[in-house]
Ligand SMILES: Cc1ncc(COP(=O)(O)O)c(C=O)c1O
């Protein structure tokens, strides 16, 4: 534990970890000394304030170190160290990941990301012409495109759920999904946390409703995993996938898919499995050569996550989001597309300013303050998405608020 640090730094971090145990998560969320020591575990840029952690998370030092060390080690004799040595560590790692995720190791396949996991499921399901799918207009494009391909190739029908973001009533959301179900609906596709605005959908309630109609449920956990606290079994979904390079801070290009044990046989392997309709999750790992060092460094990312604590992390992210949102929400012309209620959003939030185009806002944030954000423009959303992470400081968010305040009180050059 803490062996990636020099003794004095390890002692400092241990001191704060001991101290933080005595606080409840809400108190811990506001303990700036603790979060300052967490920040030191990340290499942050001196030139950029990174508030687009919703795109990708950086890896903390222990994860980078584990990854780089294993990378060098494997390069000494790749086929021996990767296939004979590191390969033996995969099953213990699967077990550890399953414990974090809240499912059994037999239900998890390692892969590169959510796109790979959910596309494997979407293309692998036995669906025939006329079968229907309920999905939302705000699902991630890589998944809606996969469904659109099945519509084009196989003649399935897509029934789109519209949302009025931010949604702040769970029953309303469930009813909207229910309205998209017909006697022909086979699958309900739920994005647990929407990338456009950070909206959290009540996945368990939607799943319970969908199961009453004998529909199977797919959950896209890309943004919710290791961000908000839950176990996959608590969602009671049939299929699930996530990316570990997002909120778990594991190496880029790491993820996993989950399929309920009894459903594995119903999904065809996408690639080269000897028995493509086997009831063994291993059939989804016949994907050819990939980076074992990246995969194995997931282990350090799990340790880092547990060191911070799931609930403490969630509370901190919530606190950071509300810190800046509360300061800007009543400024002239501000539109918040994200709820400040903890049930409906956590770290991610999206805002717009009347008279300003999203691109003008992100350009000004970058030019004036070197704040990196991203536009979020889709359907009714015309905004800028801001995503702090555990290493973000309040001083950085103050810079954000200062710049947004200036914009809210002026007009962009294009509008003068
Ligand atoms: C909701 C959602 N699903 C899926 C993905 C795809 O993630 P990846 O590129 O890691 O496959 C993203 C990426 O941002 C996302 O926001």
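Shape call for the chain from the C-alpha gyration tensor, a ≥ b ≥ c root eigenvalues: rounded (a/c under 1.5), prolate (a/b greater than b/c) or oblate? Show your work: numbers first, answer last.
Working: a/c = 1.79, a/b = 1.10, b/c = 1.63.
It comes out oblate by the Cα gyration axes.
If you count, for each residue, the other Cβ atoms within 10 Å and average over each peptide, how do 175-181, 154-160 line up from highest to lowest? Please list the in-between numbers first.
On the way: 175-181: 17.3, 154-160: 14.7.
Result, highest mean first: 175-181, 154-160.
How do 56, 17 rank when sorted from fewest to most other Cβ atoms within 10 Å of their own Cβ? Let's see the in-between values first.
Values: 56 13, 17 17.
If I rank by nearby Cβ atoms, fewest first, I get 56, 17.
Pop the C-beta distance of residue 19 and residue 129 into the FRET formula with R0 = 56 Å and round what comes out to the nearest 0.05.
After rounding, the FRET efficiency stands at 0.35.
How much mean residue ellipticity at 222 nm does the chain get from its helices, if each DSSP H run of length 4 or more adds -39500 (n - 2.57) and you divide by all residues, to the nearest 500 deg cm²/dmol?
Details: 15 runs with 165 residues, N = 416.
Helices in the chain give a 222 nm mean residue ellipticity of -12000 deg cm²/dmol.
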message: From Cα pairs below 8 angstrom and at least 6 apart in sequence, can you work out the relative contact order of the chain, rounded to a whole percent?
response: 21
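Taking other Cβ within 10 Å of each residue's Cβ, how do 224, 45, 57 sort, fewest first?
Numbers: 224 23, 45 10, 57 26.
Taking fewest neighbouring Cβ atoms as first place, the list is 45, 224, 57.
Is the shape of the stretch 204-314 best called rounded, prolate or oblate, per the rule: a/c under 1.5 gives rounded, else a/b larger than b/c gives prolate, else oblate, with a ≥ b ≥ c the square roots of the Cα gyration tensor eigenvalues? Kindly include the intermediate steps, with their values, before the conclusion.
Working: a/c = 2.74, a/b = 1.11, b/c = 2.47.
In terms of gyration-tensor shape, oblate.
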- prompt: So how much slack lies between residue 234 and residue 252, counting 0.36 nm per residue of separation and subtracting their Cα-Cα distance, in nm?
  reply: 3.8 nm
query: For the residues 414, 339, what sequence is obtained by ranking on other C-beta atoms within 10 Å, fewest first?
result: 414, 339
query: Which value in nm describes the separation of the simple spin-label points at residue 71 and residue 370, placed 7 Å from the Cα toward the beta carbon?
result: 2.4
field: Cβ-Cβ FRET estimate between residue 85 and residue 398, R0 fixed at 45 Å, reported to 0.05
entry: 0.40
message: Once each part is reduced to its C-alpha centroid, what is the distance from the stretch 231-266 to the stretch 372-390 in angstrom?
response: 25
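Could you compute the FRET efficiency for residue 211 and residue 268, with r as their C-beta to C-beta distance and R0 at 22 Å, rounded to 0.05? Could you put the intermediate results ahead of the total?
Numbers: r = 23 Å, r/R0 = 1.03.
Given R0 = 22 Å and the Cβ-Cβ separation, E is 0.45.
Expressed in nm to one decimal, what extension gain is obtained for the pair residue 9 and residue 106 from 0.36 nm per residue of sequence separation less their Cα-Cα distance?
Details: separation 97, 0.36 × 97 = 34.92 nm, distance 3.88 nm.
This chain segment gains 31.0 nm when fully extended.
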- request: With a point put 7 Å past each Cα toward its Cβ, work out how far residue 162 is from residue 33 in nm, to one decimal.
  value: 5.4
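Read-outs throughout are calculated quantities, based only on the coordinates presented, and are distinct from any laboratory measurement. These numbers were taken from a predicted model, which means no experiment stands behind them. Here Cβ is always computed from backbone atoms with ideal geometry, including for glycine, and neighbour counts include all displayed protein chains.
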